[in-house]
Each structure stands twice: as C-alpha cells, then as structure tokens.
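Input: a single structure, listed below in structure tokens.
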Amino acid sequence: MAAYLARRVLRALTTLLGTTLILFILVRVVPADPAVSIAGPKADPDTLAAIRKDLGLDDPLAMQYGRYLWRLAHGDLGRSYLTGRRVAEVIGERLRATSLLGLASLTVGFCLGMLIGIVTAARRGLSIPTFWLGNVLIYFFGYRLRWLPLGGYGTLRHLVLPAATLAIVELFFYARFVHTNVGGTLASDYIRTARAKGVPPLRLYFLHALRNALIPVVTLLGLDVAALMSGVTLTETVFNWPGLGRLAVQAVFSLDIPLLAGTVLFSAALVLLANLVVDLLYGVIDPRVTYG
C-alpha cells in the first residue's frame, strides 16, 4: 500500500510539473504584453521596458521557468497584474464561495441522485426531464414569484438558485448513472440467488447491489468534487457568484496571466488529489481490489 501511494504521489507530481510547463509555454505565446496589462496601453516605452526588466521578461526562458518553479515550490503563485495582490491570497478568498456552492449542490444532487437511481433501478422505465425541471424552478422562483435573488452572494437566499441549478444537473446525472449500474448488478446471478434465499430488499439493494456498483460512482464523484471546488464557470458567471470560476473568467478578459495561470494550476492540483483519493477508496469499497 505504501509503495503504491508513493508511486501515485510521484506520478501526480510529475503530471503537475508537466502542467506548469504547458502553462509557462502558453503564457509566452499569448500576444498580450504583461507590461501593457500592468501600466496600461498609454504607458510610455521607457515605463514598459522598466516593467519588463522588473518582471524578468528579458531573461532567457529557461531562467524564467526556473524562477517560476522555485516560486511555486514555496507556495508563491505570483502577483496579479491588475491589483498587485498575491494570486494565492485571491484564490483563497474566492475558494470559500466556490466551496459553499459546490458542496451544497453536490450534497443535494448526489444524495438524491443515489436514492432515485436505486429506486428506479428496480422499476425500469421511470425518468424525469432534467432540463425542463431546472428551467421551471429557475423561472418560477426567480422570475415569477421573485422569492429568490437571481444573483449575488452573502446570504442563504443567494445560494439557493445557483446551488439548485447545479444540484438538479448532478441529481439526474447520478440518478441515471446509478440506475444503469445498479440495474445491471440486480440482473446478475448472485443477486437472483440472494433474492431467492429471502434476503430483504433493502439489504439486497444497499448492501449487495449498491456496493458492487459503487466504484464507477465514486470515480465520478471524485472528479465532480474537484470540478466544483475549482469553480463552476458558467453558473458562477450567470449568478454573479464570487467564486473561482468567475475569477478565471475575469482573468481571461483582463489578460491577467498570473491570476489565470494560478487558477488553472490550482484546478489541476485538485483533480490530481481527487484521483488519488478515489484510487485509495477503491480498496475500502471492494477489498478484492489490490494495489499492485
């Protein structure tokens, strides 16, 4: 187990290193001039040259990349071109809003999706139109009744609509996925044998069928957690939610390269961490899984 964990951590670090190299190369091919982003388009040439020298942009690329890695190793993601603030600090501030939105929507969507998937697995043919229901809820509670604000952040009422929008998508996605996997497991020979022996339905569904269908579900859950925690761009933008997704959009439009690179690198690290946790959970779910 320890050897497997060491290999997986080493592989994750190697992947993260590759991500930093790709980001560094992409940043260098972007036509935007960082000096112009900082000083503005009307800055004189001497000011722009001084800024480039201060940022080390005139140094060889290998030296620039080495400095970039050295800063990353010390937890320094750089500073925003527009505000001058540390990128890690800005991401930390936005992480709270994204965590609140992501965990609220995922908790509701995953739990209800699992329940609906298990119930409908035993009653094939039941389905609910996902997009229709989502649009009806948003239109009904936001536009018609005006019970809930359509955007913003700060209170529980502001959380309801964006969380419900994400939860609805998660709910029916997991319901459909669990329905397929549990339904296939219920059709297996050992489940029919257990049913013939008089195993109670709840024990049959939750202990036998669900446990054996849980590995692919956990895989998707890990990726979803990473995606939600790194920011749901469209939802945060539509509802004016001050999370990491909206931060990345703002960085793109303002050509704030350090801020954009920091959010991308943070998202990549979350995905790698989620994959590692999921791999370790496989052995907990199914003891037959070996870490060779």
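Going by the structure shown, is Arg96 buried (at least 16 other Cβ atoms within 10 Å of the Cβ) and without any contact (Cβ under 8 Å) to a residue 12 or more places away in the chain? No, not satisfied.
Please work out if Thr165 is among the hydroxyl-bearing types (Ser, Thr, Tyr), in a helix (DSSP H, G or I) and at pLDDT 80 or above. Against the criterion (among the hydroxyl-bearing types (Ser, Thr, Tyr), in a helix (DSSP H, G or I) and at pLDDT 80 or above), Thr165 qualifies.
Listed by first and then second residue, the pairs with beta-carbon distance under 7 Å, at least 6 apart or on different chains, first residue in the range 271-292 and open to solvent by less than 50 Å² (accessible area, probe 1.4 Å), second of a type in the set (Ser, Thr, Tyr) and modelled with pLDDT of 70 or more, are Leu272/Thr15; Val278/Thr219; Val289/Tyr282. For the range 65-86, filtering for residues that are of a type in the set (S, T, N, Q) and modelled with pLDDT of 85 or more leaves 1. Thr185 passes every criterion in (1) surrounded by 15 or more Cβ atoms within 10 Å (Cβ to Cβ); (2) under 19 Å from Arg246 (Cα atoms); (3) polar (S, T, N, Q) apart from (2). Only one entry of Leu112, Leu103, Leu82, Leu77 meets the criterion of being open to solvent by 50 Å² or more (accessible area, probe 1.4 Å), closer than 29 Å to Thr235 by Cα and either outside any helix (DSSP H, G or I) or in contact with a strand residue (DSSP E or B) (Cβ under 9 Å, 6 or more places away or on another chain) (or both), and that entry is Leu82.
Do we find that Arg176 is of a type in the set (D, E, K, R), closer than 22 Å to Thr120 by Cα and surrounded by fewer than 18 Cβ atoms within 10 Å (Cβ to Cβ) in this structure? Against the criterion (of a type in the set (D, E, K, R), closer than 22 Å to Thr120 by Cα and surrounded by fewer than 18 Cβ atoms within 10 Å (Cβ to Cβ)), Arg176 qualifies.
Do we find a residue being buried (at least 21 other Cβ atoms within 10 Å of the Cβ) and more than 26 Å from Gly113 (Cβ to Cβ) anywhere in the range 223-245? No, the range 223-245 contains no residue that is buried (at least 21 other Cβ atoms within 10 Å of the Cβ) and more than 26 Å from Gly113 (Cβ to Cβ).
The values are calculated or read from the model by the stated rules, or taken from the named source; none is laboratory data. Since the model is a prediction, treat every value here as computed from it, not as a measurement. Note that each Cβ is placed from the backbone with ideal geometry, even for glycine, and that neighbours are counted across all protein chains shown. Protein only, heavy atoms only, side chains kept; ligands, DNA and RNA dropped before computing areas. Shrake-Rupley method; radii C 1.70, N 1.55, O 1.52, S 1.80 Å.
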